[in-house]
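Read through the structure below, which is laid out as structure tokens, and then see the notes.
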Amino acid sequence: MRQELPAPGRTPANGCRQALFDGRTFDVSWHLDENRGRGRTRGLAVEVGARTEGPRRYAAFADFADLAPAAAFIRDRDGRYLWANHAYAHLYGTTPEQVVGKYIEDFDAQGDAVQFRALDQEILARGRPVRHTLGYQRSDGTTGQAAGHRFPVQENGQTCIAGIYVDITEHTRAMAQRREAEENLQALRDHSGLPCALLSANGRVVQASAAAAELLETRSSDLVGRRAHTLLAPTPDLAQLHRRWNGLIARRIRRVETSAVLVDVRGRQRRAQLHLTTVGRSAARARNVWAVVTHQSLVHEAHAPLTAAQIRILALLAEGSSNGEIATSMRLSRQTVDYHLSRLRELLGAATRPALVARAYVLGILAPRAWPPRSATATHPLSPT
């Protein structure tokens, strides 16, 4: 203190003199005399304007910085830690008290320490904040990543380096895994050959494979954004498909296997077997649904919808029943069965009984993988229609 005392001035009325030390002013309770007591005179110095009691200035911010989840530190030009919060100390498996006073090399590997010192010197040279992402060696031996800012601060009259960072190791790993999964899914979607589309909860096409676009004779980009119901023919089984869709979105069911008649841009139709599966982890409502076409009939011009009796006749015909056996099974007259068969040959463009059965299968009227033959829209394996 004596080295920084100004020349003796007027003694205040209370007998104290004021002295300047370390940028602060003190009231000194003894007479300032360099020759008295060989410089060992005892007394009391009280800082003028000091608040030894009461709340700290910016105490709330200081507590927030100390307990914030972002890792923060202050180092001097020599790489010595002047302050560190709990999150920063936790990165090295220690406490802030054990960090303060130590140097970069006490916690980081030599290669990392060289990198961090170079960053410190860059900040001091630039004199302004820098945002960046850096890699470091974690306490468990694995490599971590952190993103944040490093900037110059004034501390105890000297320019120091402060930094605040968020550990993004797990986030980076999760994003890399997500990108890989998306790339795999895209490759599967585009190269599997299966017509498929990702639909939103309100029924709009979000993504569509090249095979789906080819099936509908359009481009994938033209499918995106379209309402899915505009791609379906208004068949009698459409109401049942809507009920199942609502069950999927409400998560009452996880997946559905059903069929529908698709309409391409030229107005031609084909029946397709659809697998619908929900996507998303929300417990209350599904976010998306993947629709995959596993089987499809031949494309054909639209025809009048068949009645349940006509589909039943086709199923019995495919089973090998004669007209009389069909009439007996369905409790119809022989003339009624003959009329239905004649009408079916006209609707489906088939001249003979074998051709009629073949057309029923290739047009998707009869299920291709069921025996005894049954309707492709049957809700139960044993149901004929």
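Sorting the segments 308-316, 326-334, 115-123 by their mean number of nearby beta carbons within 10 angstrom, highest to lowest, gives 308-316, 115-123, 326-334.
Compactness of segment 177-317 was expressed as the Cα radius of gyration divided by 2.2 N^0.38 Å, which yields 1.11.
What ranking of Asp27, Asp237 emerges when the number of other C-beta atoms within 10 Å of each C-beta is taken as an exposure proxy, fewest first? Before the final figure, lay out the partial values.
Details: Asp27 16, Asp237 19.
Fewest to most other Cβ atoms nearby, the residues stand as Asp27, Asp237.
Here segment 289-349 has an Rg and Dmax of 14.6, 48 Å, counting Cα atoms alone.
Restriction of the GluC sites (Glu not before Pro) in segment 295-343 to DSSP coil positions whose beta-carbon has at most 13 other beta-carbons within 10 angstrom yields Glu301.
Across q = 0.16 Å⁻¹, segment 87-142 modelled as identical point scatterers on its alpha-carbon atoms has Debye log10 I(q)/I(0) values of -0.57, in the order of the q list.
Between segment 227-287 and segment 66-89, how far is it from one alpha carbon centroid to the other, in angstrom? Computed from Cα coordinates, the inter-centre distance equals 56 Å. Cα extents for segment 306-385 along the principal axes, largest to smallest and rounded to whole angstrom: 30, 26, 20.
Rounded, prolate or oblate: pick one for segment 120-229, where a ≥ b ≥ c are the square roots of the eigenvalues of its C-alpha gyration tensor, a/c under 1.5 means rounded, and failing that, prolate if a/b is larger than b/c, else oblate. The shape class here is prolate.
A short reminder: the numbers here are calculations on the coordinates, not readings from a lab. Bear in mind that the values here come from a model prediction, so they are computed numbers and not experimental data. So basically every Cβ, Gly included, is an ideal-geometry build from the backbone, and we count neighbours across all protein chains shown.
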